[in-house]
1. Counting only residues that are out of contact with any strand residue (DSSP E or B) (no Cβ under 8 Å at 6 or more places or on another chain), farther than 30 Å from PRO197 by Cβ and not β-branched (Val, Ile, Thr), which one in the range 140-167 is surrounded by the fewest Cβ atoms within 10 Å (Cβ to Cβ)?
2. Please specify each residue of the range 132-151 satisfying the condition of being in contact with a helix residue (DSSP H, G or I) (Cβ under 7 Å, 6 or more places away or on another chain) and closer than 30 Å to LYS176 by Cα.
3. Just checking, does the range 120-132 include any residue being modelled with pLDDT under 95, under 22 Å from PRO12 (Cβ atoms) and not β-branched (Val, Ile, Thr)?
4. Quick check on the range 117-126. Is at least one of its residues part of a loop (DSSP other than H, G, I, E, B), touching a Phe, Trp or Tyr at 6+ places or on another chain (Cβ under 8 Å) and without any contact (Cβ under 8 Å) to a residue 24 or more places away in the chain?
5. Here are some residues: GLU42, GLU49. Which one is acidic (Asp, Glu) and within 16 Å of ASN138 (Cβ to Cβ)?
6. Since ASN77 meets every condition but one in (1) at pLDDT 95 or above; (2) more than 13 Å from the chain's Cα centre (by Cα); (3) of a type in the set (S, T, N, Q), which condition does it not meet?
7. Being in contact (Cβ under 8 Å) with a residue 40 or more places away in the chain, crowded, with 20+ Cβ neighbours inside 10 Å and either under 22 Å from ARG157 (Cβ atoms) or among the hydrophobic types (A, V, I, L, M, F, W, C) (or both) narrows it down to one of ILE219, ILE271, ILE278, so name that one.
8. Which residue pairs have Cβ atoms under 9 Å apart, sit 6 or more places apart or on different chains, and have a first residue in the range 156-170 that is closer than 13 Å to ILE71 by Cα and touching a residue at least 24 places away in the same chain (Cβ under 8 Å) and a second that is among the basic types (Lys, Arg) and assigned to a helix (DSSP H, G or I)?
Amino acid sequence: MNTSEYSDSQPPFLCRFPAQLTTPLLLSSPHSGHFYPREFTELSQYDTEMLQNFEDPFVDEIYSFAQKTGISYINANYARAYVDLNRAPDSFDNLLFKDNINLNPCLNTKNGYGVIPRLIATDMPIYKEKLTIAEAHNRINSIYMPYHDAISDELARIKTKFGKAILIDCHSMPQKALGKDDIDIIIGDCFGASISPLLSDSLLAKFSSQGLKVRKNHIYSGGYITKTYGKPKDNIHAIQIEINRKLYMLPDKYAKSPGFDRVCQLVSNIITSFLQEI
């Protein structure tokens, strides 16, 4: 596993992969990283307080129960604004680079949210000036690829032991993205393509049984990680969980609300119950 050294002494990710596997589950949190390299902040138009709005705040803490239960767990170290681990590695935004790279990016990339994001929100470009494609490749090779190599290796190790592997990709969503829609949890299974329906339905039912408003796939059906690693025919299943930040954060602040501990316990109970069932 490549954990390259950086001038800022930060590995690309943190992981808790138990020596002896006891569950077929891997939790991934690709957007909870909150390290901002000095050279990046010097290029950015915004301070880290503003850039933090692009993170999945505290999601790594919500799922930290994994280290006590023997569940394999990996989370990003570097901030999503620096490199987005939940995008294709070649989803470069032509408008961001000095070089003419002649790509035909996906919709997310065209909207400014590629593997090297151009925006943190509509009409909020991150950088003071364009980047070189060499800088993008450096981030891909040093941070992105080690994260995905670790996921691939751990899923293979889990499947070897249990005959199957399940990946849960852990995210949060801002209420403003939902508008007036009062949804607590969105389960994304790529419209049934990334996981067995029995597993997907079981997870949805467990969240619903706790009085939460839950639905599948709208507006988040699953990102690159879910789509890439979810191969039910090969007994590798992947699903995305989006938690509404209103459940655990103060409105318009990068701070936990009094409901944070309850959400942590609730998620821990649901995942534990899910594992017992499968």
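1. This residue is ASN141.
2. None - no residue of the range 132-151 is in contact with a helix residue (DSSP H, G or I) (Cβ under 7 Å, 6 or more places away or on another chain) and closer than 30 Å to LYS176 by Cα, so the list stays empty.
3. Within the range 120-132 (the criterion being modelled with pLDDT under 95, under 22 Å from PRO12 (Cβ atoms) and not β-branched (Val, Ile, Thr)), the answer is no, since none of the residues qualifies.
4. Of all residues in the range 117-126, those part of a loop (DSSP other than H, G, I, E, B) come to 117-118, 122-123, 126.
Retained after the next criterion (residues that are touching a Phe, Trp or Tyr at 6+ places or on another chain (Cβ under 8 Å)): 117-118, 126.
Then keep just the ones that are without any contact (Cβ under 8 Å) to a residue 24 or more places away in the chain; that gives none.
No, every residue in the range 117-126 fails to be part of a loop (DSSP other than H, G, I, E, B), touching a Phe, Trp or Tyr at 6+ places or on another chain (Cβ under 8 Å) and without any contact (Cβ under 8 Å) to a residue 24 or more places away in the chain.
5. Numbers: GLU49 fails: within 16 Å of ASN138 (Cβ to Cβ).
Only one candidate passes the filter, namely GLU42.
6. Result: ASN77 passes all but (2).
7. Numbers: ILE219 fails: crowded, with 20+ Cβ neighbours inside 10 Å; ILE278 fails: crowded, with 20+ Cβ neighbours inside 10 Å.
Just one listed residue meets the conditions, ILE271.
8. These pairs meet every condition: ALA165/ARG157; ALA165/LYS159.
The values are calculated or read from the model by the stated rules, or taken from the named source; none is laboratory data. Small disclaimer: the values here were computed from a predicted structure and weren't measured. Neighbour counts run over all protein chains shown; Cβ positions are idealised from the backbone, glycine included.
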